[in-house]
Amino acid sequence: MGGKSVHKDSGALDKKTLTRLKKILLKEREEIVGEVRQTYESSKEMGQDGIQDIGDEAANIYNKQILLSLNENERKRLQEVDESLDRIANGTYGICDECGGPIGLKRLEVRPVAKYCVPCLTKLEKDKS
């Protein structure tokens, strides 16, 4: 039996699946940032309606203030979501950071920000304790 044979279900995610998972991640990101943005906007008197007409610098300051008002848990979730979106963009999404093998689709559906396959995660958690 020569060479590596690549099976159709080798763990590589098809475009449709990736798009679906990306939508889930973007929705979660919007939930995290959206809640804080609402709180932030209602807590400060806004002279203008929204931020459409302010410059880039002001928008960056505004985004930093939103990030600063996130609690530790929300910030961590946001970071995980952003990292997952980056991995989708550069084609490494669904690949375990530890062993380089595929992360099962079932695991990604339950936890779209997963960086490790189940065996590696189990091993890493054992090593921590």
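All of the numbers you see were taken from the coordinates with simple rules; none came from a lab. Note that this is a predicted model, so its numbers are computed, not measured. Using ideal geometry, Cβ is built from the backbone for each residue, glycine included, and neighbour counts are taken over all protein chains shown.
Figures for the structure shown
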| item | result |
| --- | --- |
| Amide proton proximity set for I95, modelled H, under 5 Å, gap of 5+ | I103 |
| Which of E125, E80 has the fewest Cβ neighbours within 10 Å, and the rest in rising order | E125, E80 |
| Cα→Cβ-extended label distance, 7 Å offset, between D14 and V118, nm | 2.3 |
| Residue exposure sequence - S69, S129, S84 - by fewest surrounding Cβ within 10 Å | S129, S69, S84 |
| Per-residue Cβ neighbour rank within 10 angstrom, fewest leading, L67, L121 | L67, L121 |
| Segment 102-116 - phi-based ³J(HN,Hα) in whole Hz, Karplus 6.51/-1.76/1.60, Gly and Pro as x | x, 8, x, 4, 4, 5, 5, 5, 6, 9, x, 8, 4, 10, 10 |
| Filter on K16/K106; K76/K123; K106/K128 - keep pairs with C-alpha separation over 19 Å | K76/K123; K106/K128 |
| Net charge of neighbours whose Cβ lies under 13 Å from the Cβ of K15, counting Lys and Arg as +1 and Asp and Glu as -1 | +3 |
